[in-house]
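Notes for the one structure printed next.
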Amino acid sequence: MPDRGGGPTGPRIRAGRPSRRVRTLLMTLGVLAVLGMAFTMFAGFWTDWLWYRSVHYSSVFTTTLWTKIGLFAVFGLLMALAVGFNIWLAHRLRPPLSAMSMEQQSLDRYRMGIAPFKKWLLLGITALVGLIAGASAASQWRTWLMWVNGVPFHEKDPQFHLDVSFYAFDLPWYRFLLGFGFAATILSAIAAALTHYLYGGLRVTSPGARATAAATGHLSVLLGVFVTLKAVAYWLDRYGLAVKSSDFKATGNWTGLRYVDANAYLPAKTILFCIAVICALLFFATLWRRTWQLPVIGFGLMVLSAILIGGLYPAIVQKFQVQPNEQAKEAPYVQKNLKATREAYGIDDTKVTEYEGKSTTSDKTQLRDDVNSAASIRIMDPNIVSPTFQQLQQMRNYYAFPTNLDVDRYSKDGNDQDTVIGLRELNLDGIPKNNWINDHFRYTHGYGVVAAKGTEADSEGRPVFTEYNLPSKGDLGTYEQRIYYGEKTGTYSIVGGPQKEIDYSDDNGEKTTSYQGKSGVSLANPINRAAYALAFNEPQILYSGAIGDGSRILYNRTPKDRVEAVAPWLTIDGDAYPAVVKGRIQWVVDAYTTTNGYPYSSRTTLGDTTADSLTATNNSRAVVAQQNQVNYIRNSVKATVDAYTGEVKLYEWDTKDPVLKTWMKAFPGTVHQKSDISGDLMAHLRYPQDLFKVQRELLTRYHVTDAQTFLTGSEVWQVPDDPTNKSGNAVPPYYLSMRMPDQAAQSFSLSTTFTPNGRDNLSAFMSVDAEAGTGDYGKIRILKLPTSTTVDGPKQVQSQFNSEQDIASAIKLLEGGSSQVEYGNLLTVPLDGGLMYVEPVYVRGGGLKYPLLRKVLVTYGGRTAFEDTLDEALDVVFGAKASTPPPSDDDTGTGTENPPPTSGDPTVQQALEDAQKAFDAGQEAMKNNDWAAYGTAQKDLQDALRRAEEAQAKADSASGGKNGDGKGGSPSPSGSPSPGDGQSGG
């Protein structure tokens, strides 16, 4: 009977059992880990597929996926076969090891060690290089699709007379193939050399021949292939000169051939191509000669030639031929660059007109009347008044407006009105209590449009709202007001299930709703729930009782994200804007097709070119592809995103763009025809800001069409810095309805100014017709001022404004107490040969947490006015009143749109009445230049507002907070609806 305690059998049995358990546990854990990784990969794939299917762009997903899979499989397999075949061939060509040297004896243990695993080792190596190569090739899916679907530009480059499509679509693919060939050859040569060395075909320290004949022939062929590829590279480099970047002081990032390229580099590349072909043949000849002598000589000759012919000779040409007479030598090539750059950026039809810069009309009344026909001057700055919209129309803390509002046109009684517009979007930071249910189930959407006239303010300096309150009402009529998709909706929401959503609140309490749209992905399927729980790292999605039949998850909710996802081949404009179209709120998104392969066209970096003082403070306004370098751009697509359903539609806008036609071939059915754009939508389309900023940056140099003038640099302009703030960034362009000198009537335009390089006076004014659907849409006009006289630029106007004693004193009074002065957009308007500047001035403070329009600056013909209203300032500047008086409040409807605030609490009401009296007294004192009385009135106003706020807070505390969010609205003296007003809906 065996010893159970200490015999040899007992311990062995006890030691073996836990070993099996450990192995079983490890295998189980391994299987679970593999399954977990597999499901994680599946979850990402599955949720992407479900999302693309939900937006009806599944073809984009499948086309992209199959293209990536195809490239991965083909090039991964090619790389694996190339490396694997050469390892196998080197092993097969190994010499017999009967008389091993000491060197080979030391390697014998390695051969013995890998002998049992050599097949697996071969498979492992080839699989690894195949996976890496396949992943690299899959990232080239855009290059492949553009090559296989490319359409001609029907324009030829001036040097090689090839269609531009060769450089834009073909050359990038050929370069990828060439790079892949180099990589496969180099990896194959390294793998073959190591295999030959391991099995004795190559020797390093042993006496005698360094390589066997078989190894010599094998490696010679691989080196011959490498040199052959180098010959192909030299040949392609000839065409690459047409899209080669170089730093040229006259043009910046120059693209194309210069004198030295055409007369030195181009012949050098041809000579090097011939030498490389000869050198490759010498390597292939080693199969018969079995000697390295001639190939090595040939390779050395090629390297020497590359140094002398490809490097030294062009430097000599540049030094001794070009530099002594640079303008004459470079002028023909600069002329080609001028033509190509202007065509590639769509600025070739720019109309440059000489403009005097001074008025010649002596009739001041006529000049005063001409102002109304010259422009609808917008005194509501969309980049300033967002806090005013927020304070007066937010209604609830869980709503918010964007930092920068938008400017659009809306028609009333047959007349177009420049309108400042914003959406009351969801603000999760303002909900009463943040938790998973509130953040993702209860608070899911914003509500309503708020709009105001761009050219008017009420008597207290607040916007004249044309769409206001909650639910919104006004001039826009009936439309779906719920906003499930917007610029601030960065998180997901789960809607349509058993959990009701907060819709809005009014005097009768909270209203609830349930999403009725078909957007989003259904969560009724447990597989979908598990996939999204993993994708969003939120396990509650898997088991929460708030999710049931009908539940749908909404995500990718910003307009830019949705358009970029369904059209990954587009570059998205930095500013999506809302429009009410046929009873729906539609986000309008401008999108661009670009290429970096337009011959002779100079390159620009989109992020740098589109930066200005707005993008510096609001990153969401920056163009998406910030560091993309391009030398061709078209606004080829107009896209819309429905704010309620999230539906994305892409419309062909530039019907001649070959890049867009190429992508439409690659993704058929994704882009609607231009004729499908409805008239209602067309009325709200406009020229995009980012394209305009790119074009204006190019036009600082490329407004010149003569090569000699271009080379001297005497006509270089710059975009001035924004003088209204201290950001130090470029002044942003502005939308404005205005009339250029050659136009019969006003049109919606986008405009900017230029100053001479290094100076502050004005050199030119630029405007583009931004009104879509008109014959002049996209027409760029430049008014060029004479160099013999100086006209004040934006910075000088601002400095003059700040330095005038009367204005400076008024500003100091406006800044009294805790008030802060903010300068609005400095608008420039061409008027009768001169240029008029208009700048609204806002004041924030005195108990108010939002800016109000207090003054308007107008400068024209050397005269400056600083008055309470635009009309008063114009009257002072021109010394005459308009023959047609401005419409009254009753005519414009402002008297009914903005009633004085009231309150049910008598203490609050008395304080509001005192605030109104103080404000009126201050306005009267300012008109009479009685600054002492004005200061007293300001103190009385602050005291009354403070009393009103304290009384309102006490009333809200006693009533439990009637505003729904536990916070009372800030009272405000007469004018616009505010969160505490009777019109607020709160």
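The values are calculated or read from the model by the stated rules, or taken from the named source; none is laboratory data. For clarity, every value in this text was computed on a predicted model and none was experimentally measured. Note that each Cβ is placed from the backbone with ideal geometry, even for glycine, and that neighbours are counted across all protein chains shown.
Here is the figure for the stretch 492-508: residues that are surrounded by fewer than 23 Cβ atoms within 10 Å (Cβ to Cβ) and among the hydrophobic types (A, V, I, L, M, F, W, C) total 1.
Of all residues in the stretch 760-787, exactly one satisfies the criterion of being in a loop (DSSP other than H, G, I, E, B), charged (D, E, K, R) and touching a Lys or Arg at 6+ places or on another chain (Cβ under 6 Å), namely ASP760. Evaluate the following for ALA400: is it small (Gly, Ala, Ser) and under 30 Å from ILE541 (Cα atoms)? It is true that ALA400 is small (Gly, Ala, Ser) and under 30 Å from ILE541 (Cα atoms).
Quick one: in the stretch 680-707, of everything that is among the polar types (S, T, N, Q) and in a helix (DSSP H, G or I), which residue is nearest to ASP418 (Cα to Cα)? Ranking the candidates gives GLN689 first. Taking first residues from the stretch 492-504 that are closer than 26 Å to THR47 by Cβ and touching a residue at least 40 places away in the same chain (Cβ under 8 Å) and partners that are part of a strand (DSSP E or B) and among the small types (Gly, Ala, Ser), the Cβ contacts under 9 Å between residues at least 6 apart in sequence or on separate chains come to GLY496/SER522; GLU501/SER493.
Scanning the stretch 465-497 for residues that are modelled with pLDDT of 90 or more, over 32 Å from the mean Cα position of the chain (by Cα) and either aliphatic (A, V, I, L, M) or under 30 Å from PHE536 (Cα atoms) (or both) turns up just one, GLY496. Each residue in the stretch 636-679 was checked for being assigned to a strand (DSSP E or B) and under 17 Å from PRO578 (Cα atoms), and 10 pass. Kindly establish whether VAL829 is in contact (Cβ under 8 Å) with a residue 60 or more places away in the chain, closer than 19 Å to PRO382 by Cα and part of a strand (DSSP E or B). When the stated conditions are applied, VAL829 passes them. Being charged (D, E, K, R), surrounded by fewer than 21 Cβ atoms within 10 Å (Cβ to Cβ) and over 30 Å from the mean Cα position of the chain (by Cα), is that true of even one residue in the stretch 713-726? Taking every residue of the stretch 713-726 in turn, at least one turns out to be charged (D, E, K, R), surrounded by fewer than 21 Cβ atoms within 10 Å (Cβ to Cβ) and over 30 Å from the mean Cα position of the chain (by Cα).
Being crowded, with 19+ Cβ neighbours inside 10 Å, at pLDDT below 90 and in contact with a helix residue (DSSP H, G or I) (Cβ under 9 Å, 6 or more places away or on another chain) is a description that does not apply to GLY520. Checked against (1) in contact (Cβ under 8 Å) with a residue 40 or more places away in the chain; (2) surrounded by fewer than 22 Cβ atoms within 10 Å (Cβ to Cβ); (3) in a loop (DSSP other than H, G, I, E, B), GLN417 passes all but a single condition, namely (3).
Looking at THR489, THR478, THR455, just one residue is in a loop (DSSP other than H, G, I, E, B), surrounded by fewer than 23 Cβ atoms within 10 Å (Cβ to Cβ) and polar (S, T, N, Q), and that residue is THR478.
Being outside any strand (DSSP E or B), in contact with a Phe, Trp or Tyr (Cβ under 6 Å, 6 or more places away or on another chain) and closer than 30 Å to GLU354 by Cα, is that true of even one residue in the stretch 788-805? Taking every residue of the stretch 788-805 in turn, at least one turns out to be outside any strand (DSSP E or B), in contact with a Phe, Trp or Tyr (Cβ under 6 Å, 6 or more places away or on another chain) and closer than 30 Å to GLU354 by Cα.
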